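The values are calculated or read from the model by the stated rules, or taken from the named source; none is laboratory data. These figures come from a predicted structure and were not determined experimentally. Note that each Cβ is placed from the backbone with ideal geometry, even for glycine, and that neighbours are counted across all protein chains shown. Side chains are part of the model used for accessible areas, which takes the heavy atoms of the whole protein and leaves out ligands, DNA and RNA. Shrake-Rupley method; radii C 1.70, N 1.55, O 1.52, S 1.80 Å.
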Amino acid sequence: MKLTPDERLDLREVLRDLEHYRPRRKGWSWRRRRPDHALGPFVYADASEDLTRSVPLPAAHSFGGIDPQCDVVVTTEIASGRFEDDLRRMRMAAWHGADHLMVIRTTGQSHFDGLIEGTPEGVGGIPITRKQIRATRKALDAVEDEIGRPIDFHSYVSGLAGPEMAVLFAEEGVNGAHQDPQYNVLYRNINMHRSFVEAAEAKRVLADGGLLQIDGAHNANATAKEAWKVTPELLVQHAVNTAFSRAAGLPPERIALSTVPPTAPPAPKLRLDLPYAVALRRVFAGYRFRAQQNTRYIESDVREATVTHVLDTLISRLTSADIQSTITPDEGRNIPWHYNNVAGVETARQTLMGLDGLDQLVALREDGPLDGQAREIVERAVLFLEEIEASGGYYAAVAEGRFVDSGHYPERAGDGIARDPEGGVGAGVVRRRAPGYGAPVCSHFGHNVYAEEGGTKPCASYGGCTLCDPTKIRYVDELDTEDSVERRLEKPLGERAAGLLRPEVEKAGDGVVCVTLFLPERPAVARAAALELARRMGLREPEVIHARLLHPAEGSVFEVKGILDEAVRVADLPVAEPEERLAHAEIEAFVRPRNLHVVAATVGEDEHSVGMQEILDIKHGGIERYGFRCHYLGTSVTLDALLDAVERHDARVVLISTIVTHHDVHRENMRRLHALAAERGLRERLVLVAGGTQVTDAMAREAGLDAGFGRGTTGQDVASFVVRRLDPDRSG
Ligand code: Z98
């Protein structure tokens, strides 16, 4: 399967012959570092290999369109509920710099005692089935080729079916997984004996399959009332899972500790979070660090969440991170929307590249409070571990509710999560293995009658297991004819085939849109008005997803989402395809022999000059380079003065810049330029062009000018237009 940038992902192609698709690569991949990487005008200290295709950050066009990639893996969590929609999100995220794509499982999957098949739809995530995983890996293999970088695919090995899931992941080329038995016990109330027995088996499979393991300690911050107080417990949770993972055979370089800066502004964030980050990296040197962003205090304000993410990422750079995970900034208000996946990834990479080389510029002070605070967290953690030992071990400590409370150890707030060692989901099902027990796959923890003998694998005794001989894998397609991908695709693909297009954010063609309204009233009235106005805009099921008070009496701003149940016919749209630029040499060949004069100015009462200089100035790649004779009159120039200059120089081209838009003055200036030129008998021979951040081509033409250029225009664009207009051969 091959992807081309100008074509949408063909889901039918992904599903074709899936039964025979095999992952072409297994195990985890890190980015390839490029120290002192020169790119455009800059040299980066902390960069990795460039992508062959990507969408650069918006301002990159001012720097030659470069797209530096940071040295750490960047994660985004994808959770639409339908894998077929997830695939398109993943492709978009990969183009924006994500190379670790985590699919969230559907709510409640932890309590399924086995694997499911087919492609049922999930809630807030997808059910993990072979078909969904295989389709995803196949699509990601194609995306890897498209962008030129390996993509690590990741999900969770937890719940009641941990080992089954681990085997499935190893078979299908999943590259990373969360695995932490404490997560089962504390946050999913699964029996502790079963959780740890299964974890040993699952970890062994992850170890042999080359997967990277991420632990679950971050969940303690997410559930604590006062997350910054549980930092000693976080170290304890990391220690328990790390020691257990090592014992099950995972090497340290494939154990990633999941760490989150625990607090959020307006708390004094760095003062609380940095000592914890330092303590963790000191104690667990030699392991990998997966820094996740804080969700504990996330509200519905995307801006606030973004600032928290930037500060979290600063902490990653001040300490270290091998993986920078991102959370969508809209996590506090709805199931993550695809463009917010991209926003999260962009926040991380913008911050990481902006902080490039930070460790060469600043060092953490060893003589300040940091060192002592970090040491104190470690001391408290050690005391906690000693207490666990003294109380009879981990199970006893959990039974006594010593984990996840708001107390700063050894303080206890009496709100720990207590679990009965003989209780929870799946209690009483752990059996001692019979002496003749034979493991179904080679990767196995503990006793197995099929032993490894003289260099042959254990499964040689029965002719190979599914991990060694993939032809033995049983692929089950759909089980449910209604809740299946084929069925779900009927409507969106049918509409696409009929040439119809709908907006979407959560699922294909869902029609969900978001509008922003400010209402000058007290909050309760303003909210009611926002919803009513959204209804009048034709939005079904309008819902305020964010309200921000600007002033108790002066008003509030609202983001309202709703369903716009409209489809447009693509063929009927007045699509303005951008005209191809002419080549530099072609423009110059026309312009240079003709002695063409251009008069240019910022008109009206407008003092902005940068945009126009960019278009004219040879140093900025402006039109002077082609041999145009440019007469720049400056800023706040009257239209009469402009046309006087046209007459004086016998100019053929007029470029006006108009940035200020108050009272529509930009449109007015365009209209008046056209009228005045006509009055003075000059209009016929002139090419009149307007430019400015709010100017569009349609607006300029409507005002009587020949063309308008907006944000991002280059001299080459303007020159191409002028040449086409002046050259009778081209204008035909
Ligand atoms: C993250 N934002 O880690 P269910 N095991 C562990 C987990 O942390 C999780 C699961 C299993 C988080 C994602 N974490 C949430 C250690 C979930 C998933 O039962 O399917 O929800 O378990 O990036």
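Tabulated results
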read-out	value
Burial order of peptide ranges 162-174, 458-470, 552-564 (average beta-carbon count within 10 Å, highest first)	162-174, 552-564, 458-470
Distant alpha-carbon pairs in the chain (separation over 39 angstrom), percent	48 percent
Per residue, the convex hull volume that the Cα atoms of the range 503-569 enclose (Å³)	72 Å³
Nearest-ten-degree value, helix 715-726 long axis tilted from longest Cα axis of the chain	40 degrees
Nearest-ten-degree value, helix 665-679 long axis tilted from longest Cα axis of the chain	30 degrees
In order through the range 698-709: 3J(HN,Hα) via Karplus (6.51 cos²θ - 1.76 cosθ + 1.60), integer Hz, x for Gly, Pro	4, 4, 5, 5, 4, 7, x, 7, 8, 6, x, 10
Accessible carbon and sulfur surface of the chain relative to its total accessible area, %, 1.4 Å	52 percent
Packing-based ranking, highest mean first, of 76-89, 104-117 given that Cβ atoms within 10 Å are counted	76-89, 104-117
Helix-only [θ]222 nm of the chain, DSSP H runs n ≥ 4, -39500 (n - 2.57) each, per residue, nearest 500	-11000 deg cm²/dmol
For the range 584-731, fraction of C-alpha pairs farther apart than 21 Å, in %	36 percent
Set of the range 552-588 residues, backbone N closer than 12 Å to the point 7 Å along the Cα-Cβ line of Arg536	none
Amide H contacts under 5 Å for Glu506, placed H, 5+ residues apart	Val512
Furthest towards positive pole of dipole, Phe445, Leu355, Ser195, structure part the chain, Cβ charges	Phe445
Phi-based couplings in Hz for the range 468-474 (Karplus 6.51, -1.76, 1.60; Gly and Pro marked x)	9, 10, x, 5, 7, 5, 8
Amide H contacts of Arg31 (H built 1.01 Å from N, under 5 Å, at least 5 apart or other chain)	Val73
Table column - 3J(HN,Hα) (Hz), the range 396-406, Karplus curve with 6.51, -1.76, 1.60, x for Gly and Pro	5, 5, 5, 4, 7, x, 7, 9, 6, 9, 8
Computed magnitude of the charge dipole of the chain (debye, nearest 20; Cβ of K, R +1, Cβ of D, E -1)	760 debye
Listed residue pairs exceeding 26 Å between alpha carbons, taken from Lys225/Lys507; Lys491/Lys561; Lys472/Lys507	Lys225/Lys507; Lys472/Lys507
Proximal lysines relative to Lys229, as straight alpha-carbon distance under 27 Å, when same-chain residues fewer than 8 apart are discounted	Lys269
Percent antiparallel among DSSP beta bridges (both partners in the chain, rounded to 5)	35 percent
Fully extended contour minus Cα-Cα distance, from Leu18 to Ser320, at 0.36 nm per residue	104.7 nm
Alpha-carbon centroids, the range 96-119 and the range 421-440: separation in whole Å	25 Å
Segment Ala553-Asp371, length gained on full extension (0.36 nm per residue, minus Cα span)	60.7 nm
Two-site FRET efficiency, Tyr475 against Glu521, from Cβ-Cβ distance with R₀ of 56 Å, rounded to 0.05	0.40
Cα-based helix-to-principal-axis angle, 302-318 vs the chain, degrees rounded to 10	70 degrees
Placed amide H near Val687: partners under 5 Å, 5+ positions off or other chain	Val653, Val654
Per residue, in Å², the accessible surface of the chain once ligands and nucleic acids are set aside, probe 1.4 Å	44 Å²
Given charges at Cβ of Lys, Arg, Asp, Glu: the chain dipole, positive-most of Gly65, Ala498, Leu11	Leu11
